[in-house]
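Scroll down for the structure; my scribbles are underneath it.
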Amino acid sequence: MDAGSVVEARFHDNRPFLQTSEHHTSTAEHLGTHGFRAPECEGYNQWSQDPRTDLYSAAKVLWAMVTNDPGFTREEVVFNQLSLVFWLKDAPMTWHFQRIFEKSIRHSLSDRYRNADEAIKDALFVREAIVGRFPPLEMLATEICPICGTGTLGQFSDKNDEALCEQFLENLSLRKRQGALVCSYCYHVSIRNQALLEKRLERRKQMR
């Protein structure tokens with residue numbers, strides 16, 4: 001946001017649902033600001049609003065604050081073309097917010113945080129991940145070393161590397177050794193299940 005600007009987002013006509021659950025039989029009336037309101041606040045529905053309704057809208061506001069762009073309708077776009085991974089390619093620490101979005105900007109109430117306490121717990125986790133400069137999942141899926149951020153991960157390239165790393169790997173099973181990758185710069189040894197990691201990221205892209 002530009003310095004000095006003030007933006008007002010009316011979630012649900014100034015009627016918070018974080019304390020109590022309410023049921024509205026809506027006709028053509030919409031509750032809240034277009035692009036920020038939850039699906040249950042759209043017209044012509046009989047869904048109940050509860051704390052998860054506010055958490056949906058709050059997450060939309062978070063996305064707008066991080067990207068400095070207006071809100072958006074629907075949910076699946078935040079996991080694809082409007083994902084921070086694509087929107088803010090040069091700011092990978094912001095990608096951690098996708099963890100929050102996948103539990104808040106969801107069409108179904110059952111796919112969201114159950115209450116504010118759950119959301120706050122996850123927000124604190126994301127804060128620590130960002131402050132600690134821990135790499136997001138999308139970076140772990142690449143060949144960039146998650147430790148030094150300079151070298152690339154790959155199989156042992158020569159006999160010297162292999163001899164040095166064998167001492168580190170001698171207590172690991174053969175199965176784990178076969179999946180080990182070493183950084184070309186800092187020689188950090190990384191062991192991960194690449195197939196499961198990629199499956200986890202692909203599942204995120206299918207969310208709505």
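Read the figures in this text as sums done on the coordinates, not as results from a lab. Just so it is clear, the model here is predicted, and its values are computed rather than measured. For neighbour counting, all protein chains shown are included, and Cβ atoms are generated from backbone atoms with ideal geometry for every residue, glycine included.
The figures follow:
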{"read-out": "Amide H within-cut-off set for residue 190, under 5 Å, with H built and near neighbours excluded", "value": "181, 182, 183"}
{"read-out": "Gain upon complete extension [residue 107, residue 190; 0.36 nm per residue less C-alpha separation]", "value": "26.2 nm"}
{"read-out": "Shape of the range 44-85, Cα gyration tensor, a/c cut at 1.5", "value": "prolate"}
{"read-out": "Ranked packing of 55-65, 86-96, most packed first, by mean Cβ within 10 Å", "value": "55-65, 86-96"}
{"read-out": "Sorted by Cβ neighbour density within 10 Å, fewest at the top, the residues 69, 111, 50", "value": "69, 111, 50"}
{"read-out": "Inter-probe distance in nm under a simple model that places probes 7 Å from Cα toward Cβ, at residue 116 and residue 206", "value": "3.5 nm"}
